[in-house]
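S.K.: Got a structure here, written out as structure tokens. Questions coming.
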Amino acid sequence: DELVERLLTAGLDIPQGLPKEILARGAGVVDLLGRVMLDEALWKDESQRGWGPIHAMHLLGGLKALEALAYFEKFLVPDRNTDYITETMPAILAAHGPAALESLKRIAANRNAEVYNRSAGVRAMCLIAYRHPERKPEAVEFLRYLFGQTLEEGDDEFLEVISDDIAGLKDSRAMEDIRRAVKEGLPCESFFSWQSLE
């Protein structure tokens with residue numbers, strides 16, 4: 001508690017060694033950091049303490065403790081959309097390795113979550129597939145399923161956002177899914193040109 005309180009009062013001036021001290025506590029700090037990350041009052045706090053949830057988010061990624069994934073699933077909900085999440089969350093989630101895939105599937109498939117938060121789950125799955133080729137077939141199978149379901153639902157924004165990540169898997173069947181969707185009218189020029197996907 002004392003270490004995390006120091007983190008909360010530090011703002012962007014983090015004392016050297018403090019993150020390592022916290023990480024050294026291992027899985028024992030997951031619950032405390034998870035509660036900081038989920039604290040709505042801290043997200044709205046404009047003082048130094050407002051950086052606490054962002055620090056907690058990154059430290060949880062550094063711990064790579066699977067227990068933290070439950071907190072990330074709660075965290076990636078509607079209305080929480082900041083650049084601090086969309087830019088770094090995929091790497092934070094992917095740091096948990098292949099064992100995170102089931103949790104990432106739930107994040108990506110959560111229709112109640114904000115589009116870019118769902119896409120963080122997709123991108124993390126793609127990162128894991130890249131780093132662990134033996135799990136790529138599982139990631140491809142799920143993402144093709146998710147793409148098809150989302151196409152039926154008509155959620156063009158989500159499809160556009162995740163198409164680039166799916167194309168990056170370099171799977172011929174997944175690319176054919178994207179090609180077919182574009183032929184059927186999926187606009188892909190808003191985020192990525194068709195040429196870049198190819």
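The values are calculated or read from the model by the stated rules, or taken from the named source; none is laboratory data. Here the structure is a predicted model, which is why all the values come from computation and not from measurement. Counting neighbours? That spans all protein chains shown, and the Cβs are built from the backbone with ideal geometry, glycine included. We work out accessible area using only protein heavy atoms, side chains counted, and drop any ligands, DNA or RNA first. Shrake-Rupley method; radii C 1.70, N 1.55, O 1.52, S 1.80 Å.
S.K.: May I ask you to derive the FRET efficiency for L18 and R131 from their Cβ-Cβ distance with R0 = 25 Å, giving the value to the nearest 0.05?
M.R.: Between L18 and R131 the formula returns 0.30.
S.K.: A further question follows. Where only protein heavy atoms count, and the probe is 1.4 Å, what is the accessible area per residue for region 1-149 in Å²?
M.R.: On a per-residue basis, 49 Å².
S.K.: Please give the net charge around G11, taking every other residue with its beta carbon less than 15 angstrom from that of G11, where Lys and Arg add +1 and Asp and Glu add -1.
M.R.: Cβ neighbours under 15 Å give a net charge of -2.
S.K.: Let me ask another. Report the full-extension gain for the segment Q195 to V77: residue separation times 0.36 nm, less the Cα-Cα distance, to one decimal in nm.
M.R.: 39.2 nm
S.K.: Report the FRET efficiency, 1/(1 + (r/R0)^6), for T9 and E157, where r is their Cβ-Cβ distance and R0 is 41 Å, rounded to 0.05.
M.R.: For R0 = 41 Å, the calculated efficiency reads 0.55.
S.K.: While we're looking at this one, here's another question. At 1.4 Å probe size, with no ligands or nucleic acids counted, give the accessible surface of I166 in Å², nearest ten.
M.R.: Near enough 10 Å² of accessible area.
S.K.: Same structure again: Can you give the FRET efficiency to the nearest 0.05 for A27 and N112, using r as the Cβ-Cβ distance and R₀ = 22 Å?
M.R.: FRET efficiency, A27 to N112: 0.20.
S.K.: Once a ≥ b ≥ c are taken as the square roots of the eigenvalues of the Cα gyration tensor of the chain, is the result rounded (a/c under 1.5), prolate (a/b larger than b/c) or oblate (a/b not larger than b/c)?
M.R.: prolate
S.K.: Here is a further query. At 0.36 nm per residue, minus the direct Cα-Cα distance, what do K183 and A70 gain on full extension? Give it in nm, one decimal, please.
M.R.: 36.9 nm
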